[in-house]
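What follows is calculated from the coordinates using simple rules that are stated; it is not laboratory data. Predicted, not measured: the structure shown is a model, and the values here were computed from it.
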Amino acid sequence: MAEGYCVKCKAKKEIADGVEETMKNGRKAIKGKCPICGTVMFKILGKSATTTQPEVPNNNPPAVPPTETPTV
Ligand SMILES: [Zn+2]
């Protein structure tokens, strides 16, 4: 079950009547209602709900800005 934040109850609630939707930008979201007050809740799931994106390996050195080398 999906949980969302209800702005009226100011608490996390289980989304009632949750419907999974895919937005224009390819992101998935769950749209539903707060079981307490009926406020529309919206939870963005991310680009893909099933596949996790591979993390960047830690071997690479962090990107540093090019240091200014004095040209003589
Ligand atoms: Zn509520």
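Side notes on the structure shown:
- Per-selection metrics, region 3-46 (Cα): Rg and Dmax in Å: 10.2, 30
- Taking a straight Cα-Cα cut-off under 20 Å and skipping sequence neighbours fewer than 8 places away in the same chain, the aspartates and glutamates within cross-link reach of Lys33 are Glu3, Glu14, Asp17, Glu20, Glu21.
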